[in-house]
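Here's the structure, in structure tokens; my notes come after.
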Amino acid sequence: MANHHDDHHHGHHHDHDHSELSETELRVRALETILTQKGYVDPAALDVLIETYETKVGPRNGAQVVAKAWTDPAYRERLLADGSAAIAELDYVGRQGEHIVVVENTPSRHNMVVCTLCSCYPWPVLGLPPVWYKSAPYRSRAVKDPRGVLHDFGFELSPDIEIRVWDSTAEIRYLVLPMRPPGTDGWSAERLADLVTRDSMIGTGFPKQPHEVA
Amino acid sequence: MDGAHDMGGAAGFGPVCPEANEPVFHAEWERRAFAVTLAMAKPGGWNIDMSRFAREDRPPADYLSRSYYQIWLVGLERLMLERDLLRPGEIEAGKMLQQPAPISGPLAAVDVDAMLRRGGPTEREATTPARFKIGDRVRTKDIHPTTHTRLPQYVRGHVGVIELLHGCHVFPDTNAMGQGEHPHWLYTVTFDGKNLWPDAADQRSRVSVDAWEPYLEPADAA
């Protein structure tokens, strides 16, 4: 799949599109006009859908889940036993998160999540996936060379640590529970949530260290 | 189908290139394509497996040359053309050329939140006992259907171990073709990376897929 964003969009988004994308823009505009004329879609509903995923649903949700698990051992148990139910306690529910399994990183095991066939991703806790997650490089290599993928993200994992890759081929969605960074004893869940990055919940990254948010 | 979408293990795509501070959408047309796709599913009457098949069932060069939301767009156009909700030439004309087909009514703004919260659970009540249990060794079948399947090529014919049991879920292979949900037991099957990729640098990884029971057979003779 083509990474048009990487080719054309760095730092100069809308005003510099390739002619191919202009054609796409015209097509989308025509499609929305026709579907509205036919009464199939209500543009106001489209606005709400966009606003939901641009402003309300995103990795901040997942960070709350992780931070709660780090500070509440009983919650961590419930989260690992039934991800969807425990996540629903925080009112993160619904589309593309109907069946969530949470997988925990340990000192000897690192988890990484991919969808080699399309772009399956736990929307209620992470929002919509980034371009790289949907791209051919990630989808092709995560299952064969996960250590190399981590290298692309700037991380080297000790050879002693097993990498466990979860390919989301069904409607089960996976969320990684990263390890709590050292030096955070006594931190509140609210403060800890600032350490939890999106990539640390996919397994292509790690939480920030305390000094990075000081 | 053995299409370009089935990318696990393919070579030559280069490194992963994360974008710092990436926005949710990169252009206004992506916002609209995303939202129209979500809003059309119910009035259009298709299911998620039909959507996936409409996106992946195209020549590899076509699939690989489109960006993500461009694939969503052609998939959506195809689903609508197949159901006569859209007429060939209408998009090029930029306006409605054919009277609308009767549909259940558009998604209203006030119903968006409830629609998203409801989602589309795929678990169904079991009517048969599970054939496999956690810890069983299974072999994935070496199937090559020309229609939709969710068994990736890189695990076909390989032996793995049942790690999780997820209940009975809608079977995409039939659901995508309009042949019914036919729920089957769904398992997480885990493979040793060194068995899947004997020549790969990393010999310590393990990889799982979620596989429905019809994809699997016992690895060891009874």
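Annotations
- Cys residues of the protein assembly as shown counted as unpaired, since no other Cys beta-carbon is under 4.7 Å: A:Cys118, B:Cys17, B:Cys168
- Fraction of C-alpha pairs exceeding 31 angstrom in the protein assembly as shown: 40 percent, rounded to a whole number.
- Reference-scaled alpha-carbon Rg (2.2 N^0.38 Å with N residues) for the range B:28-118: 1.13
- Ranking B:Thr127, A:Thr36, A:Thr169 from most to least accessible surface, computed with a 1.4 Å probe over the protein chains only, gives B:Thr127, A:Thr36, A:Thr169.
- Gyration tensor (alpha-carbon) shape descriptor, the range B:123-218, a/c threshold 1.5: oblate
- Listed by chain and number, the aspartates and glutamates whose C-alpha is less than 12 Å from the C-alpha of B:Lys141, apart from same-chain residues fewer than 8 away, are B:Glu213, B:Glu217.
- Filter on A:Lys38/B:Lys42; A:Lys56/A:Lys134; A:Lys144/B:Lys133; A:Lys68/A:Lys208 - keep pairs with C-alpha separation over 23 Å: A:Lys144/B:Lys133
- Estimated [θ] at 222 nm from DSSP helical runs (n ≥ 4, -39500 (n - 2.57)) normalised by residues in chain B, nearest 500: -8000 deg cm²/dmol
- Chain B contacts chain A over a buried accessible area of about 8300 Å², both sides summed; the probe is 1.4 Å and only protein chains count.
- Those aspartates and glutamates that a straight Cα-Cα span of less than 15 Å connects to B:Lys194, excepting residues fewer than 8 apart in one chain: A:Asp145, A:Glu162, B:Asp202
- Normalised alpha carbon radius of gyration of the range A:58-212 [divisor 2.2 N^0.38 Å]: 0.97
- Residue by residue, the range B:110-120 carries 3J(HN,Hα) couplings of 6, 9, 4, 4, 5, 4, 5, 5, 5, x, x Hz when phi is fed to the Karplus relation 6.51 cos²θ - 1.76 cosθ + 1.60 (θ = phi - 60°); x denotes Gly or Pro.
- Solvent-accessible area assigned to carbon and sulfur over the range B:21-126 amounts to 53 percent, based on a 1.4 Å probe.
- The range B:164-205 - convex hull of alpha carbons, volume per residue in Å³: 85 Å³
- Expected 222 nm ellipticity per residue - DSSP helices of 4 or more, -39500 (n - 2.57), all of chain A, to 500: -11500 deg cm²/dmol
- Residues B:Lys141, B:Lys95, A:Lys134, sorted by accessible area with the largest first, give B:Lys95, B:Lys141, A:Lys134 [1.4 Å probe; ligands and nucleic acids excluded].
- Mean accessible surface per residue for the range A:58-212, computed with a 1.4 Å probe while every protein chain stays in place, in Å²: 33 Å²
- A:Ala88/B:Thr146 FRET efficiency (R0 35 Å; Cβ-Cβ; nearest 0.05): 0.35
- Taking the DSSP bridge list for the protein assembly as shown and keeping only pairs wholly inside it, about 60 percent are antiparallel.
- Radius of gyration over Kirkwood radius for chain B, both on Cα atoms: the Rg/Rh ratio is 1.01.
- Under a Gaussian network description of chain A, with springs only between Cα atoms under 10 Å, the residue in A:His151, A:His110, A:His99 that fluctuates furthest is A:His151.
The values are calculated or read from the model by the stated rules, or taken from the named source; none is laboratory data. Predicted model, so just to flag it, every value in this text is computed and none were measured. All Cβ positions, even for glycine, are placed from backbone atoms using ideal geometry, and neighbour counts span all protein chains on display. In case anyone asks, the SASA skips ligands and DNA or RNA and just uses the protein heavy atoms, side chains included. Shrake-Rupley method; radii C 1.70, N 1.55, O 1.52, S 1.80 Å.
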